[in-house]
Amino acid sequence: MDLSKTLPTMVPCRICGGTVYECLDFGRQPLSNGFLKPEDVPHERYYRLAVGICTACTMVQQVHEVPRQLMFHDGYVYRASGSSLMRKHFEHYAEHLLATDLNGEDKFLVEIGCNDGVMLRAIHEAGVRHLGVDPSGGAARVAEENGIRVRIDFFERATAADVRAKEGPADVIFSANTISHIPYLDSVFGGVDALLAPQGVFIFEDRYLGDIIARTYFDQIYDEHFYLFSVESVRAAAEQYGFQLVDAEHMPVHGGSIRYTVARPGVREPSASLLALLEQEREMQLGRHETFAGFAGRINGIRDDLVRLLKDLHGDGKRILGYGATSKSATVTMFCGIDSGLVPYICDTTPGKQGRLAPGSHIPVRTPDAFRDPYPDYALLFAWNHADEIMAKERTFREAGGRWILYVPDVHVI
Ligand code: JHZ
Ligand code: SAH
Ligand code: ZN
């Protein structure tokens with residue numbers, strides 16, 4: 001399979017109706033959070049994972065849409081609170097909001113995609129009125145058990161209008177790692193329009209295309225990430241839907257993310273950081289189709305290097321385990337053809353993944369205890385965005401002579 005195409009597929013842009021030219025094709029992929037029981041394997045669903053770029057508004061987007069109810073449902077396994085780094089990240093930001101936009105009488109915050117309440121917990125504990133909206137019932141019920149208010153639903157125009165009618169306007173609508181997952185952004189912004197107070201702000205953070213390309217984080221491309229946002233494409237989308245992008249802040253989480261602040265036109269002045277990021281993107285030529293040709297070449301190089309390394313180690317009789325059954329790992333294992341012959345199992349702390357088979361590769365997922373039983377010679381770190389936390393936790397693996405294999409920004413062993 002070759003990632004660069006000479007005759008790209010064209011589809012209309014989900015945001016502006018312009019022409020989206022396909023630029024990366026990862027071929028057949030499973031649902032990235034579709035962890036399987038052995039009896040489910042014959043019924044596993046696959047789709048073609050391909051992304052393109054709009055020549056008019058520069059939004060990078062998937063060429064095919066996976067129906068939302070197949071991805072986000074009662075049995076959705078991802079739990080946002082599984083990382084202490086992310087718990088601290090959201091706690092810190094909740095404190096910031098409580099001191100700024102949520103400081104005052106009867107403030108109201110709505111979170112789109114609250115999952116298990118990793119961010120709303122601090123808001124709830126501060127006694128501030130809030131509502132999480134998330135269709136994944138299993139995760140949302142964890143939040144509810146902690147006293148957080150949740151509506152188990154997809155956020156869209158109708159949901160937002162109903163929340164507005166029942167609870168009044170929101171001062172802040174917040175979202176993390178969710179807006180990029182929603183193809184129907186017209187309906188999301190329509191909902192924000194219905195629900196947001198006149199002076200309110202819509203704040204969302206998501207993985208940054210600039211970092212994905214600069215550091216070849218190709219595994220951030222999978223079914224759930226329908227859009228790969230850049231500051232320019234978010235600026236254009238906000239404008240298209242009658243809003244204004246007023247701030248963009250670059251952050252290190254998940255390999256590089258941006259927190260966007262959107263308001264009604266004229267409510268806030270555009271920040272210096274926003275203008276600087278827009279300028280930087282122009283220099284990087286992020287919006288150009290040609291930029292993706294170089295990206296595709298580097299992805300193919302990583303695949304070749306990783307497969308060679310794993311096969312050589314395996315040939316030398318070394319034992320290799322996976323660490324972190326991430327969504328990202330579905331793209332890596334499928335694209336590189338890594339199966340349980342090379343990596344007999346993956347260790348992961350998420351209860352809903354343990355005892356199941358990873359989607360596509362069908363590599364079994366086991367508990368972190370199985371990592372020490374006995375230690376492997378090498379560990380392939382799929383959860384590279386949690387490297388510091390995991391390597392600190394597994395210090396004795398390294399001390400016992402074990403080595404970590406990383407594949408981004410290039411294949412290396414540490
Ligand atoms: P992690 C998911 O992506 C899906 P994933 C989604 N599309 C998204 O955008 C982000 O989350 C927010 C495990 N782990 O965070 C837990 C350990 O085993 O990289 C997780 O299964 N030990 C919504 O799945 C996985 O690794 C540990 O010490 O790529 C990490 O998943 C730690 C810290 C994690 O997200
Ligand atoms: N905010 C957390 C969780 C991200 S996981 C974090 O940053 O770690 C993404 C969440 O978005 C999932 O729980 C999923 O159920 C939810 N989601 C997907 N589509 C949604 C929609 N249309 N409205 C609200 N939530 C949605
Ligand atoms: Zn467009």
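The values are calculated or read from the model by the stated rules, or taken from the named source; none is laboratory data. Being a predicted model, the structure only gives us computed values, none of them experimental. We place every Cβ from the backbone using ideal geometry, glycine too, and count neighbours over all the protein chains shown. Each accessible area value is taken on the protein alone, full model and side chains, heavy atoms only, with ligands, DNA and RNA left out. Shrake-Rupley method; radii C 1.70, N 1.55, O 1.52, S 1.80 Å.
Taking θ as phi - 60° and the Karplus parameters 6.51, -1.76 and 1.60, the scalar couplings of region 306-316 work out to 5, 5, 4, 4, 4, 5, 5, 5, 4, x, 7 Hz in sequence order, x denoting glycine and proline. The GluC sites (Glu not before Pro) of region 45-134 meeting both criteria, a DSSP state outside H, G, I, E and B (loop) and at most 15 other C-beta atoms within 10 angstrom of the site's C-beta, are Glu65, Glu105. Here Thr349 sits with roughly 80 square angstrom of accessible surface, probe radius 1.4 Å. Tell me the net charge near Arg308. Cut-off is 15 Å between Cβ atoms, Arg308 excluded, with +1 for each Lys or Arg and -1 for each Asp or Glu. Computed value for this residue: -2.
Ordering 174-181, 116-123 by mean Cβ neighbour count within 10 Å, with the highest value first, yields 116-123, 174-181.
Helix 231-240 and the long axis of the chain differ in direction by around 40°, with both axes built from C-alpha atoms. Helix 185-195: angle to the longest alpha-carbon principal axis of the chain, degrees 0 to 90, nearest 10? Taking the Cα atoms of the chain, the angle to 185-195 is about 40 degrees. For the chain, taking the reciprocal of the average inverse distance between every pair of different Cα atoms yields a Kirkwood hydrodynamic radius of 22.1 Å.
Going through the cross-link list Lys107/Lys328; Lys328/Lys393; Lys166/Lys353, which pairs have a Cα-Cα distance over 32 Å in this structure? Lys107/Lys328; Lys166/Lys353, as the Cα separations exceed 32 Å there. No disulfide-compatible partner, judged by a Cβ distance under 4.7 Å, exists for the following cysteines of the chain: Cys23, Cys114, Cys336, Cys347.
Per residue, region 1-110 exposes an accessible area of 50 Å² to a 1.4 Å probe, with every protein chain left in place. For region 290-369, trypsin sites (Lys or Arg not before Pro) meeting the loop criterion (DSSP other than H, G, I, E, B) and having at most 16 other Cβ atoms within 10 Å: Lys318, Arg319.
Around the Cα centre of the chain, unit charges on the Cβ atoms of Lys, Arg, Asp and Glu (plus for the first two, minus for the last two) sum to a dipole of about 640 debye.
Counting only protein heavy atoms, what percent of the accessible surface of region 225-268 is carbon or sulfur at a 1.4 Å probe? About 47 percent, which is the carbon plus sulfur part of the accessible surface. Note on region 1-104: semi-axes of the ellipsoid equivalent to its C-alpha gyration tensor, largest first and rounded to whole Å, are 33, 25, 12. For the charge dipole of the chain, defined by +1 on Lys and Arg C-beta atoms and -1 on Asp and Glu C-beta atoms about the Cα centroid, which residue among Gly27, Phe72, Gly242 has the Cα displaced farthest towards the positive pole? Of the options given, the answer is Gly27. Of the solvent-accessible surface of region 67-220, computed with a 1.4 Å probe and all protein chains present, 48% belongs to carbon and sulfur.
Find the relative contact order for region 248-292 and round it to a whole percent, using C-alpha pairs within less than 8 Å whose residues are 6+ positions apart. Intermediate values should be presented prior to the final figure.
Values: 22 pairs, mean separation 13.2, N = 45.
Worked out over region 248-292, it gives 29 percent.
The residues of region 170-329 have, on average, 34 Å² of accessible surface per residue, using a 1.4 Å probe with all protein chains present.
About its Cα centre, the dipole of region 1-111 is roughly 340 debye, where the only charges are +1 on Lys and Arg Cβ and -1 on Asp and Glu Cβ. Specify the angular offset, from 0 to 90 degrees and rounded to the nearest 10, of the alpha carbon long axis of helix 84-99 from the longest principal axis of the alpha carbons in the chain. Around 10 degrees separate the two axes.
Expressed to the nearest 5 percent, the antiparallel share of DSSP beta bridges inside the chain is 55 percent. In order along region 22-34, the Karplus-derived 3J(HN,Hα) couplings, from 6.51 cos²θ - 1.76 cosθ + 1.60 at θ = phi - 60°, round to 4, 10, 9, 10, 8, x, 6, 9, x, 6, 5, 10, x Hz, and Gly and Pro are given as x.
Counting only Cβ charges, +1 for Lys and Arg and -1 for Asp and Glu, the dipole size of region 218-365 around its Cα centre is about 400 debye.
Each Cα pair under 8 Å and six or more residues apart adds its sequence gap; the mean of these over the residue count of the chain is a relative contact order of 15 percent.
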